[in-house]
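To start, the structure under review is shown below, and the notes come after it.
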Amino acid sequence: MFDPYALIQEYFLQNGVPVYVLYKPECAFAHVDFILNVGAHHDGAQDVGLAHFVEHMVCANSGLDLAASKKFFGSAGGYSSASTYHSGTRYGFKLPVHHVRFDEAVAYWVKAVFKNRLDGFFEREMRVIESEIKRKYPSVAHMNMK
C-alpha cells in the first residue's frame, strides 16, 4: 500500500532521468522499477502496438532470454517483469535486499533499458507483436511498425 507520508528521495541520472528511492529498513525485499512514460496511449493511429513492441525489444536485447531471466531472478528468490499499459511501460524486479545478486539484477535492467541498441531481434519481435494484435484485436486492419 502506498504510504503518503513516506520519505522518497529523488535523484537524477546524468541524462536527466529521475530516480526515486523509498528506503524502508524493515523490508526484506526490494522492488526496483524503471518506468518510461510512453505507453499505448502514445501509439499513432497506424502504429497500434508500437509501445508494446519497444517493450519486447528491450527485453529481447537484455542479454537473457525469458527462461534465463526467470532462472536468474527465481534462483535469487524473486522475479522480473515488464509490462506496457496505457500511459507507460514498466521494467523491473523484486529481490531480497541483501542478496548477492542484487547489484547484478539492477545492472541487468539498466543495460536492457538504457544501454543496449534495440535492433538485435527486430524482425522476430515485430512478428510476435503483429500476431498478438491479430489474435487479441481482430478488428485492427493493419499497423505500420517499419
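The values are calculated or read from the model by the stated rules, or taken from the named source; none is laboratory data. Bear in mind that the values here come from a model prediction, so they are computed numbers and not experimental data. So basically every Cβ, Gly included, is an ideal-geometry build from the backbone, and we count neighbours across all protein chains shown.
Values as computed for the structure displayed
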{"item": "In segment 56-65, the residues that are touching a residue at least 24 places away in the same chain (Cβ under 8 Å) and either on the phi < 0 side of the Ramachandran plot or buried (at least 20 other Cβ atoms within 10 Å of the Cβ) (or both)", "result": "HIS56, MET57, VAL58, CYS59, ALA60, ASN61, SER62, LEU64"}
{"item": "Residue in segment 100-146 that is modelled with the highest pLDDT, counting only those that are touching a Ser or Thr at 6+ places or on another chain (Cβ under 8 Å) and not basic (Lys, Arg)", "result": "ALA105"}
{"item": "Scan of segment 13-65 for residues that are more than 11 Å from the chain's Cα centre (by Cα) and aromatic (Phe, Trp, Tyr), ordered by number", "result": "TYR20, TYR23, PHE29, PHE53"}
{"item": "Residues located in segment 66-109, provided they are touching a residue at least 60 places away in the same chain (Cβ under 8 Å), β-branched (Val, Ile, Thr) and surrounded by 15 or more Cβ atoms within 10 Å (Cβ to Cβ)", "result": "VAL106"}
{"item": "Number of the exception - TYR11 against (1) in contact with a helix residue (DSSP H, G or I) (Cβ under 6 Å, 6 or more places away or on another chain); (2) assigned to a strand (DSSP E or B); (3) not polar (S, T, N, Q)", "result": "(1)"}
{"item": "Residue that is modelled with the highest pLDDT, among those in segment 1-27 that are surrounded by 10 or more Cβ atoms within 10 Å (Cβ to Cβ) and of a type in the set (A, V, I, L, M, F, W, C)", "result": "CYS27"}
